[in-house]
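Encoded as C-alpha cells, the structure appears first; notes follow it.
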Amino acid sequence: MKDLIAEFKKIIDNSKKIVIFTGAGISYESGIPTYRGTGGVWSKYDPEIYANINVFIQDSSYYWNYFKDERYPTIKNAKPNIAHKKIVELEKKGKIYRVITQNIDGLHQQAGSSHVIELHGNTRQINCLKCKKQYSMDEIFEKLKKELPPLCSCGGRLKTNTVLFGESLPISALDEAETASKNCDLFLVLGSSLVVYPAANLPIIAKKNKSKLVIINIDPTPFDDIADIVINKSASEVLSKI
Ligand SMILES: [Zn+2]
C-alpha cells in the first residue's frame, strides 16, 4: 500500500494533463447512497419504473415521488469531501485537464472544479420541457408538497437535467469526454467500477493514446489488468495521502 501510494504520487508529479473520472464511490463518501448492488438505491426503487423515460413520459409521479423521498434529501445535505477538494487543489496546480463524472449531484462544481463534464446530467438543474424556465431543487421540493407531478407556471412538465434509463447520454458531453480521454497523460479513475457503457470505453481510449491509467476503487474493475496502478481503497483515503 505504502509503495503504491509513493508510485501514485510519482505519476501525479509527472502528469500535466490529468483527466479525472469519477463514479458513485466518490459521492458515497459524501453520504449519497450508491445505486447498484445490495442496499443500493435501485434495490429500493426499481429504476425501470422510478427512473425510466418511457414511464416518466406517461406518468412522472413515480419519478417525482422518488425525487421527493430519496434523491432530494440525500443530495440537499451532501457536501464535497476530501477527494473532491483534492481534485480542486490539483487544478490550482495546473494539473487537471478535465473532470468527467457519472454523478449527477454537482459536488465537483460545489467544491470548485471548473472543467466538469457530466455524462449523466445534473439533478440540481430542473427545467420546464415547454418554456425552458429553470427551477432550483428547493423550489421543486416545495411544489411537491402540494402538487404531484409538479408543473411549471406555464403548465408545462418539469424534468431534472439528468439522463433517465432508456435515454441516451448527451452527445456533446460524450464527445468532450472522448476528446479529453485522447489528450490526457493520466486517466485517473476515482470510485467507479467502470461497468456502465459507453463511459467505460474511456479508459481504453486513454490507454491507446499512451496515457497512464490509475484506478482507485474499493472493488476490482474489468480494467485492472491494463492499469498502471490499482488501489482498492476509497478515493478520499488515497487522495488525503498526496
Ligand atoms: Zn414552463
Give me the percent of DSSP beta bridges within the stretch 79-202 that run antiparallel, rounded to the nearest 5. 75
So how much slack lies between Val196 and Thr38, counting 0.36 nm per residue of separation and subtracting their Cα-Cα distance, in nm? 55.2 nm
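Quick one: length gained pulling Ile82 to Asp228 fully straight, 0.36 nm per residue minus the C-alpha distance?
So the chain would gain 50.2 nm between Ile82 and Asp228.
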Cβ-placed point charges (K, R +1; D, E -1), dipole of the chain about Cα centre in debye, nearest 20: 700
Quick one: if the Förster radius is 35 Å, what FRET efficiency do Lys132 and Asn54 give, using the C-beta to C-beta distance and rounding to 0.05? 0.95
Restricting the count to DSSP beta bridges whose residues both fall in the chain, what percent are antiparallel, rounded to a multiple of 5? 25
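Just for the stretch 142-242, what percent of DSSP beta bridges are antiparallel, to the closest 5?
10
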Would you please name the trypsin sites (Lys or Arg not before Pro) within the stretch 89-154 that are DSSP coil residues with at most 15 other C-beta atoms within 10 Å of their C-beta? Lys93, Lys130, Lys132, Lys133, Lys145, Lys146
What share of Cα pairs, in percent, lie more than 22 angstrom apart in the stretch 1-126? 44
For Ser114 and Glu70, calculate 0.36 nm times their separation in residues minus their Cα-Cα distance, and state this gained length in nm to one decimal. 13.0 nm
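Over the stretch 95-242, what per residue volume does the convex hull of the Cα atoms give, in whole Å³? Mind dumping the intermediate values first?
Values: hull volume 20.7 nm³, N = 148.
Dividing the Cα hull volume of the stretch 95-242 by its residues yields 140 Å³.
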Kindly provide the helix-only [θ] at 222 nm of the chain, computed as the sum of -39,500 (n - 2.57) over DSSP H runs of four or more divided by all residues, to the nearest 500 deg cm²/dmol? -9500 deg cm²/dmol
In the stretch 13-62, how does Rg compare with the Kirkwood Rh, expressed as the Rg/Rh ratio over alpha carbon atoms? 1.22
Tell me which aspartates and glutamates have Cα within less than 13 Å of Lys2's Cα, excluding those fewer than 8 residues away on the same chain? Glu237
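Only the coordinates and a few stated rules stand behind these numbers; no lab work does. These numbers come from a predicted model, not from an experiment. Don't worry about glycine lacking a Cβ; one is built from the backbone with ideal geometry, like all the others, and counts go over all protein chains shown.
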